[in-house]
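I have placed the structure first, in the form of structure tokens, so that the comments after it can refer back to it.
The values are calculated or read from the model by the stated rules, or taken from the named source; none is laboratory data. Every value quoted in this text rests on a predicted model; they were computed, and no experiment measured them. Positions of Cβ are backbone-derived with ideal geometry, glycine not excepted, and every protein chain shown enters the neighbour counts.
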Amino acid sequence: MANDNENPLLLDIKKPEFSAKRPLVVWQKLFLLFVFAALAAGMWKMPWYTTRVLIAVSTFFYLIFTVYKLMLVRLSVSRSSEIVVSKEELNSIREEDIPLYSILVPLYKEPESIKQVIESINALDYPPHLKEVQILLEEDDMETRKAAGTIRLPEGFSITIVPKSFPRTKPKACNIGLAKAHGKYLVIYDAEDKPEHDQLKKAIVAFKKVSPSVICLQSKLNFYNQQQNL
């Protein structure tokens, strides 16, 4: 198991401009204070005129967002960004060209899912010694940690304990996992995910077919519990 107690504050110390620990800087606070003061003064002195201005501004931004959404709809139906990977391309991947692949699996209060997700990732068609799998568990999530302790982890798997800190979110856990990752590629799986066995190799081929400026690919999502209703 890995534990890094300085990770929650590491970004704030080394690169504070990228940290969300301080949501607003001074000028942003002053600007919001000015806006609220102006609105309060306007509603006190000229309530009818201020109300009309607020409605006009709100309508303007609403129209902008509507036009933007319509543009996105048009782009989505006018062209496809799907990348098709053939079996021949998968078979052409040489063993010596397969890179280290980092896999992050953040879990929180999901003891019943940990065994299934480990089995699904272990079943991926990828060399075990080239899979760097981190099961990310919160420090105080004793239930899931206990369940993880009963499982014999396959080759390439490890448990990373995320120190207790705020915000209590899976993205925070993934930030800590990312700091420990060494792979050329990285993927994040959720507890309920059952990825196709050749998904990692498909991603390698897909990245070779796109521009070097592309840093992220989204796999097609499917569901296997169509009869379940939460």
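Do we have any residue at all in the stretch 203-223 that's surrounded by 10 or more Cβ atoms within 10 Å (Cβ to Cβ), closer than 14 Å to Glu132 by Cβ and not aromatic (Phe, Trp, Tyr)? So far as the stretch 203-223 goes, no, none of its residues is surrounded by 10 or more Cβ atoms within 10 Å (Cβ to Cβ), closer than 14 Å to Glu132 by Cβ and not aromatic (Phe, Trp, Tyr).
Which of the residues that make up the stretch 123-159 are farther than 16 Å from Val187 by Cα and under 18 Å from the mean Cα position of the chain (by Cα)? Hits for the stretch 123-159 are Leu137, Glu138. Phe157 passes every criterion in (1) in contact (Cβ under 8 Å) with a residue 24 or more places away in the chain; (2) touching a Phe, Trp or Tyr at 6+ places or on another chain (Cβ under 7 Å); (3) within 22 Å of Leu124 (Cα to Cα) apart from (2). If you go through the stretch 82-103 and keep only what is out of contact with any Leu (no Cβ under 6 Å at 6 or more places or on another chain) and closer than 23 Å to Cys174 by Cα, you end up with Pro99, Ile103. Counting only residues that are of a type in the set (Asp, Glu) and either within 18 Å of Ile98 (Cα to Cα) or in contact with an Asp or Glu (Cβ under 8 Å, 6 or more places away or on another chain) (or both), the stretch 193-222 holds 2 of them. Condition test on Ala179, is it part of a loop (DSSP other than H, G, I, E, B), in contact (Cβ under 8 Å) with a residue 40 or more places away in the chain, out of contact with any Cys (no Cβ under 8 Å at 6 or more places or on another chain) and hydrophobic (A, V, I, L, M, F, W, C)? It is false that Ala179 is part of a loop (DSSP other than H, G, I, E, B), in contact (Cβ under 8 Å) with a residue 40 or more places away in the chain, out of contact with any Cys (no Cβ under 8 Å at 6 or more places or on another chain) and hydrophobic (A, V, I, L, M, F, W, C). Using the structure shown, decide if Glu119 is within 29 Å of Lys170 (Cβ to Cβ) and either of a type in the set (Asp, Glu) or not assigned by TED's automatic domain parsing to the domain that holds Val187 (or both). Against the criterion (within 29 Å of Lys170 (Cβ to Cβ) and either of a type in the set (Asp, Glu) or not assigned by TED's automatic domain parsing to the domain that holds Val187 (or both)), Glu119 qualifies.
Can you confirm whether the stretch 145-159 contains a residue that is polar (S, T, N, Q), crowded, with 17+ Cβ neighbours inside 10 Å and assigned by TED's automatic domain parsing to the domain that holds Val117? So far as the stretch 145-159 goes, no, none of its residues is polar (S, T, N, Q), crowded, with 17+ Cβ neighbours inside 10 Å and assigned by TED's automatic domain parsing to the domain that holds Val117.
Being out of contact with any Lys or Arg (no Cβ under 7 Å at 6 or more places or on another chain), surrounded by 10 or more Cβ atoms within 10 Å (Cβ to Cβ) and outside any helix (DSSP H, G or I), is that true of even one residue in the stretch 40-48?
Pass one, the stretch 40-48, residues out of contact with any Lys or Arg (no Cβ under 7 Å at 6 or more places or on another chain): 40-48.
If we keep only those that are surrounded by 10 or more Cβ atoms within 10 Å (Cβ to Cβ) too, we end up with 40-43, 46-47.
Those left that are additionally outside any helix (DSSP H, G or I): 46.
The answer is yes, given that some residue of the stretch 40-48 is out of contact with any Lys or Arg (no Cβ under 7 Å at 6 or more places or on another chain), surrounded by 10 or more Cβ atoms within 10 Å (Cβ to Cβ) and outside any helix (DSSP H, G or I).
Residue count for the stretch 96-123 under the criterion of being touching a residue at least 24 places away in the same chain (Cβ under 8 Å), under 16 Å from Gln199 (Cα atoms) and either in contact with a Gly (Cβ under 8 Å, 6 or more places away or on another chain) or outside any loop (DSSP other than H, G, I, E, B) (or both): the result is 12. Name the single residue that is modelled with the lowest pLDDT among those in the stretch 201-230 being among the hydrophobic types (A, V, I, L, M, F, W, C) and more than 17 Å from the chain's Cα centre (by Cα). My answer is Leu230.
Within the stretch 194-214, residues that are within 17 Å of Glu88 (Cβ to Cβ) reach partners that are hydroxyl-bearing (Ser, Thr, Tyr) and exposed (fewer than 12 other Cβ atoms within 10 Å of the Cβ) with beta carbons closer than 9 Å, at six or more positions or on different chains, in the pairs Val205/Ser86; Val205/Ser92. Quick check on my filter: what residues within the stretch 184-213 are closer than 23 Å to Lys87 by Cα and of a type in the set (Val, Ile, Thr)? Hits for the stretch 184-213 are Val187, Ile204, Val205, Val210.
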